[in-house]
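Everything on this sheet refers to the single structure shown next.
Just so it is clear, none of the values below were taken in a lab; they were calculated from the coordinates. Here the structure is a predicted model, which is why all the values come from computation and not from measurement. Positions of Cβ are backbone-derived with ideal geometry, glycine not excepted, and every protein chain shown enters the neighbour counts.
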Amino acid sequence: MKAVVFADTRSVVVDEVSDAVVEEPSDVVVRVTSSAICGTDLHMYDGRTGATAGLVLGHEPLGVVDQVGSAVELVKAGDRVVIPTHLYCGVCVNCARGYSAACLRVRPGGFGAAYGYAGMGPYRGAQAELLRVPFADANCIPVPGEPGDDREDDFVLLADAFVTGWHATELAAVRAGCTVAVFGAGAVGLLAAYSALLKGAAEVYVVDGVPERLDKAGELGATPVDYRAGDPVDQIRQFRRKAGLPIGEEAMDGVHNGIDAVGFQAHDRTEAGVEKPTQVIEDLARLINPTGHLGIAGVYAEKDLHPAAAGGHRDGSLTVPWATFFSKGISVNFGRTHDRRYTTLLRDLVVAGRARPGVIITHHGHLDDAAALYQQFDQRANGVIKAVLCP
Ligand SMILES: NC(=O)c1ccc[n+]([C@@H]2O[C@H](COP(=O)([O-])OP(=O)(O)OC[C@H]3O[C@@H](n4cnc5c(N)ncnc54)[C@H](O)[C@@H]3O)[C@@H](O)[C@H]2O)c1
Ligand SMILES: [Zn+2]
Ligand SMILES: [Zn+2]
């Protein structure tokens, strides 16, 4: 089969690799119809996290079940399914408690796993014609309709970006009436803003420095904040004051809920092209009001082969303003998405026509277009916000 393979730093190639097959009785093999490229793939593409040559990339697939293991009970050949990024067994103590990203059975000696991801288990990636899906009864989420129909782009985002955006709003305790600031207008940040609006947030600000991404945030109904135009914390405070703060609440001119949808490859706002991994956390510590909440969905890698000169560290250690979070009484929540909690809920919002996350997808290609799309996505060029490969 054809697959997108990591070759070297900033180099992916489309190679012939051995076909995915049923290896365990509880597996299925899915024929992939759409497979998205993620900001997480870029951490590997940029040579940061120790991916080795030959790794089949990708963890955001939608497709049709092709082969079925003998112990699979709930899924049959021909079913249209979306496959969550972080695979899980469905029955261990962490899965049963709703913490599927910390499943105890998918990575012996560790916890949690993902497809096509350095350090996250032996599972080949989904930017390929075929994908082996272990624990298939738990990991195949059925979706209605036919491959290539008008929900294809909505359903593929259930594999990761939409659930992670929603998860970020849960980490940040977003409820109806909240004021929210999302840092990062990639697919995850945009869909975190979209999720906050679906939940009934009163005000949603989205901070980034890429014009097309800020425009998309505006299209979704959020207020874009361009950090190239000045300190985003000051800009948001000004918006809030201009709208009019109730008497006695003037000191609450920040936001109640902050979301980091950027992670350790954050840019230094004051120096173009330079990374500063603590930039977003520092801004959010200033911006979030006393008693507020911070949700961190951006990845902080435990192994960073080329840490930023400004405050980076090979083992991911960072110096962040803990004292500010403490004195303001801000809750801080982190982590990978517990897909199992949200995938069916968000699918049903799509099926009911209440959510159309697919509006953030800007580019489609075939597997052979992977090298060009990775490069444009990495360079924030050609308006690429979210690209989907259709094998
Ligand atoms: N927690 C999870 O389970 C999970 C799942 C998927 C992705 N992620 C992570 O979420 C993050 C976002 O993913 P994505 O696909 O949207 O990536 P992306 O690379 O498309 O988007 C990141 C955005 O952050 C912006 N940015 C950089 N520095 C900034 C700063 N200082 N202030 C504001 N914005 C800044 C960039 O311009 C870019 O638009 C990545 O770190 C990814 O690895 C986490
Ligand atoms: Zn992803
Ligand atoms: Zn489990």
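Brief remarks follow.
- Rounded to the nearest Hz, the phi-derived 3J(HN,Hα) couplings of the stretch 234-245 under the Karplus curve 6.51 cos²θ - 1.76 cosθ + 1.60 (θ = phi - 60°) are 4, 4, 5, 4, 5, 4, 5, 6, 4, 5, x, 9, where x marks glycine and proline.
- Normalised by the number of residues in the stretch 141-217, the average gap of Cα pairs under 8 Å and 6 or more apart makes the relative contact order 28 percent.
- Gyration tensor (alpha-carbon) shape descriptor, the stretch 237-385, a/c threshold 1.5: oblate
- The chain: antiparallel DSSP beta bridges as a percent of all, rounded to 5: 50 percent
- By the Cα gyration tensor, the stretch 265-304 has an equivalent ellipsoid whose semi-axes, rounded to whole angstrom, run 21, 15, 6 from largest to smallest.
- Residues within the reach of a label modelled at ALA251 (point 7 angstrom out along Cα to beta-carbon, backbone nitrogen below 18 Å), restricted to the stretch 292-313, are 292-293.
- Contact order relative to length of the chain, as percent, for alpha carbon pairs under 8 angstrom and 6 or more apart: 18 percent
- Sorted by Cβ density within 10 Å, fewest first, the residues ILE288, ILE259: ILE288, ILE259
- DSSP beta bridges in the stretch 1-138 [antiparallel fraction, %, rounded to 5]: 100 percent
- Mean projected area in nm² (Cα convex hull; one quarter of hull surface) for the chain: 18.1 nm²
- Using alpha-carbon coordinates, inclination of helix 339-351 to the longest axis of the chain, degrees: 90 degrees
- The stretch 162-334 - share of DSSP beta bridges that are antiparallel (%, nearest 5): 5 percent
- Peptides 29-42, 240-253 ranked from most to least packed give 29-42, 240-253, packing being the mean of other C-beta atoms within 10 angstrom over each peptide's residues.
- Formal net charge of residues neighbouring HIS366 (Cβ-Cβ distance under 14 Å; K, R +1; D, E -1): -2
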